[in-house]
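Novice: The structure that follows is given in the form of structure tokens.
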Amino acid sequence: EDKRRCVNKIINFMLARDADKVPAKRADISELLKRGTNGKALPAGVVTRLIEETKEKFEKVFGFELVEQNTDAISDVVLTQASQSQSRAASSKVYMLINALRPPPAEQGQQPPAEAMEEEEEEPGFKRKRAEMFELGAPSNPSPRFDLAMVLMGVVALHRYKIEEPVLWDKLRALGLAKGTENPVFGLPEKALAELCSQGYLHQKKSKDADNQVKVHYCLGLRAESEVGRREILAFVEYTFGEKMTAATKKALLDADGSDDEDEEPEAAAA
């Protein structure tokens, strides 16, 4: 009975977090469970087992997958939303919900969509269906915000998963989205960008250059990697440009890790 109550508490907590697409820290889950034990923290092994049972129930009952990731890969935007009082060791893991359901292949008996996309062009309605499944942006009209997310993830992917902030804004201005100027569809671009970072679709990082100046760059977020995937992002880019990438270009983009020596945009994608 106690175990079932704990699992249900985690489920309710994760569903509430998922409403804003904000990852939950393991420390938050431990704190939640402590409230029902007179303030006594549960052993780490017990928390792990409860989370595992929660994962099972989410997939079987709700069609969600509870994904575990390390905070080292979380964007600075997401980290600032969490409590700063927890130790780094206690908050080394975060959890988020992604949709475990996937649209079926175009025909029964085909290979999974991620593999099929390499061989056949994706139908225009495929991404829109995913937008509705992910409920990205306003529930009443998710598609425009989803389209922006896919465009931004595509731009980041074409720069081998690491693009400096000024370059990203140059790309946005080319699309008619200028910083500080309200867009009738997406609203303020900087607000939309911050929202996509907090949801984990994009990933903001800060570093210092040789002159000790702070540089901001963007990568794919945890949710983009887990929920959308690199193959589908590249398929979206191919569909948008109406042109297939060479096998060598696609492999380079799938294998890129966003290191400093990979900042140049691939020639085949630069158009």
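Readers should treat all values here as calculations from the given coordinates under stated rules, not as data from a laboratory. This is a predicted model, so every value here is computed, not measured. Counting neighbours? That spans all protein chains shown, and the Cβs are built from the backbone with ideal geometry, glycine included.
Novice: Can you grab the distance from the C-alpha centre of region 28-42 to the C-alpha centre of region 206-251, Å, no decimals?
Specialist: Using only Cα atoms, the two centres lie 39 Å from each other.
Novice: Related question: Each residue of region 151-165 in turn: what ³J(HN,Hα) in whole Hz from Karplus with 6.51, -1.76, 1.60 and θ = phi - 60°, glycine and Pro shown as x?
Specialist: Karplus values, whole Hz, x for Gly and Pro: 4, 5, 5, x, 4, 4, 4, 5, 9, 6, 6, 8, 10, 6, 4.
Novice: Could you name the lysines in cross-link range of K3, using Cα to Cα under 28 Å and dropping any fewer than eight places away on the same chain?
Specialist: K21, K25, K34, K40, K55, K57, K60, K93
Novice: With a 10 Å radius around each residue's Cβ, average the other Cβ atoms per peptide and rank 214-223, 181-190, 148-157, highest first.
Specialist: Numbers: 214-223: 20.5, 181-190: 14.0, 148-157: 23.1.
Ranking, from highest mean packing down: 148-157, 214-223, 181-190.
Novice: Would you list, by chain and number, the lysines whose Cα falls below 17 Å from the Cα of K215, excluding same-chain residues fewer than 8 positions away?
Specialist: Straight-line reach from K215, under 17 Å: K162, K205, K206.
Novice: What nm distance separates the two modelled labels at E52 and E190, each placed 7 Å from Cα along Cα→Cβ?
Specialist: Each label point is offset 7 Å from its Cα along the Cβ direction, giving 4.7 nm.
Novice: Starting from the Cα of A252, move 7 Å in the Cα-to-Cβ direction to define the label point; list residues of region 154-171 whose amide nitrogen is under 18 Å from there.
Specialist: Inside the label zone: 154-164.
Novice: Right, next: Between E182 and T240, what length in nm is gained on full extension when 0.36 nm per residue of separation is reduced by their alpha carbon distance? Provide the component values of the computation, followed by the final result.
Specialist: On the way: separation 58, 0.36 × 58 = 20.88 nm, distance 2.45 nm.
My answer for the length gained is 18.4 nm.
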